[in-house]
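Enquirer: Quick one: this structure, given as structure tokens, is what I'll be asking you about.
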Amino acid sequence: MKKQSVPLFDPGAIPDNLCPIATDYSRMLPGDWRSQRPVVDRRKCVKCAVCWLYCPVQCVVERAGWFDMNLATCKGCGICAQECPHGAIAMIDEED
Ligand code: SF4
Ligand code: SF4
């Protein structure tokens, strides 16, 4: 019996704007799919920067009197709320 030939993978045949594994590239930030977001109580925040230290994606930003989160890149993991020693961060549902 004659063996069937299998076509070899030719990376040069894939257009530059297509990923060979998925389909095509689309820009998506965590703020587009997050289910919860952190809200800082400015009266409780003492600017200790613990949230800044623990945030895994470095989206905590310093304001004049408190620390805030960049909600475009925050993924809603809640670590900052867990670690804040002053209970200044609450996680709320995105629908609220
Ligand atoms: S950990 Fe809490 S108290 Fe400290 S800077 Fe962050 S929000 Fe403010
Ligand atoms: S919820 Fe997670 S990603 Fe968002 S600011 Fe807090 S630690 Fe960072």
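The values are calculated or read from the model by the stated rules, or taken from the named source; none is laboratory data. Worth saying up front: this structure is predicted, and the values here are computed from it rather than measured. Ideal geometry is used to build each Cβ from the backbone, glycine not excepted, and the neighbour counts take in all protein chains shown. We work out accessible area using only protein heavy atoms, side chains counted, and drop any ligands, DNA or RNA first. Shrake-Rupley method; radii C 1.70, N 1.55, O 1.52, S 1.80 Å.
Residue-by-condition table, conditions (1) within 13 Å of ligand 2 (Cβ to nearest atom); (2) among the hydroxyl-bearing types (Ser, Thr, Tyr); (3) touching a strand residue (DSSP E or B) at 6+ places or on another chain (Cβ under 7 Å):
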{"site": "Arg42", "(1), (2), (3)": "no, no, no"}
{"site": "Val60", "(1), (2), (3)": "yes, no, yes"}
{"site": "Gly65", "(1), (2), (3)": "no, no, no"}
{"site": "Ala72", "(1), (2), (3)": "yes, no, no"}
{"site": "Cys84", "(1), (2), (3)": "yes, no, no"}
{"site": "Gly87", "(1), (2), (3)": "no, no, no"}
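Enquirer: Within the range 19-40, restricting attention to residues that are within 16 Å of ligand 2 (Cβ to nearest atom) and among the small types (Gly, Ala, Ser), which residue is modelled with the lowest pLDDT?
Expert: Checked the range 19-40; the qualifying residue modelled with the lowest pLDDT is Gly31.
Enquirer: Got a number for residues in the range 74-96 being in a helix (DSSP H, G or I) and in contact (Cβ under 8 Å) with a residue 40 or more places away in the chain? Give the steps one after another, and end with the answer.
Expert: Pass one, the range 74-96, residues in a helix (DSSP H, G or I): 79-83.
If we keep only those that are in contact (Cβ under 8 Å) with a residue 40 or more places away in the chain too, we end up with 80-81.
Selection size over the range 74-96: 2.
Enquirer: Just to be sure I understand, how many residues within the range 74-92 are near ligand 1 (Cβ under 7 Å from one of its atoms) and either at pLDDT below 95 or open to solvent by 60 Å² or more (accessible area, probe 1.4 Å) (or both)?
Expert: Of the residues in that region, 3 qualify.
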